[in-house]
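The values are calculated or read from the model by the stated rules, or taken from the named source; none is laboratory data. A quick note: this is a predicted structure, and the numbers were derived from the prediction, not measured. With ideal geometry, Cβ positions are generated from the backbone for all residues, glycine too; neighbour counts draw on all protein chains shown.
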Amino acid sequence: MQSISVFLSRTCFLSGFCFLFIGWCCAVTLGAQTPKSTKSKNLPKPLVEIITFDRLQTLMQPNPDTVRIINFWATTCRPCIEEMPSFDRFHREYSIPKDGVKPVQVLFVSLDFKRDVETKVIPFVKKRGVQATVVFLGPPKSAEIDGVDASWSGSIPATLIVGTKAGQRSFYEKKMEYDELKDFVKTYLFP
């Protein structure tokens, strides 16, 4: 009789242990499939980030490791659209450092109206497959135009090239082709 009760108690213990083990496995599996938080750091970056002029001023400062090409454009500007492939090609070819050449960051700054971000700017970027960073600033105020460059009339396309050292800046208020862009930037690429 005693052996039956020992057998039953061991069976109950093992059954309970198995039940707990299976429950734990299910919880671990479900926990791995459930996102921890909606504010995860791994969320995808927006296709077009809306920035302030203060943020743009930070991006216009020299970075000792990267040459920055900041191109001002709009979806309604034909010359802007025509030159974009040259800038995007430049980004693809020079965004990764190689052979002692500093990397280049191309930044497209949209000056479209805010109401057009969702309906024009984002669809344009998707359709064209733009790989360089695209941000939205909106139509600049006159103080912001002067803040980019004192010589800027406010017309687009316009491009600011910022080298890696203080004072290394060039501003161009015209449409650029790939070879011309490369000529303007090459003085900033080598250490």
Conditions (1) among the hydroxyl-bearing types (S, T, Y); (2) modelled with pLDDT under 95; (3) under 21 Å from the mean Cα position of the chain (by Cα) -> S142 fails only (3)
When residues of the range 64-94 are limited to those that are of a type in the set (A, V, I, L, M, F, W, C) and in a helix (DSSP H, G or I), the one surrounded by the fewest Cβ atoms within 10 Å (Cβ to Cβ): I81
Could you list, in sequence order, the residues of the range 55-111 that are touching a residue at least 40 places away in the same chain (Cβ under 8 Å) and of a type in the set (D, E)? D65, E82, E83, D88
Might you check whether a residue that is in contact with a Phe, Trp or Tyr (Cβ under 8 Å, 6 or more places away or on another chain), of a type in the set (V, I, T) and surrounded by fewer than 20 Cβ atoms within 10 Å (Cβ to Cβ) occurs anywhere in the range 147-154? no
Complete set of residues in the range 95-110 that are touching an Asp or Glu at 6+ places or on another chain (Cβ under 9 Å) and in a strand (DSSP E or B): V104, V106, F108, S110
Looking at P97, P103, P157, can you tell me which residue is closer than 15 Å to C80 by Cα and in contact with a Pro (Cβ under 7 Å, 6 or more places away or on another chain)? P157
Count of the range 112-155 residues which are in contact with a strand residue (DSSP E or B) (Cβ under 6 Å, 6 or more places away or on another chain), part of a loop (DSSP other than H, G, I, E, B) and touching a residue at least 24 places away in the same chain (Cβ under 8 Å): 2
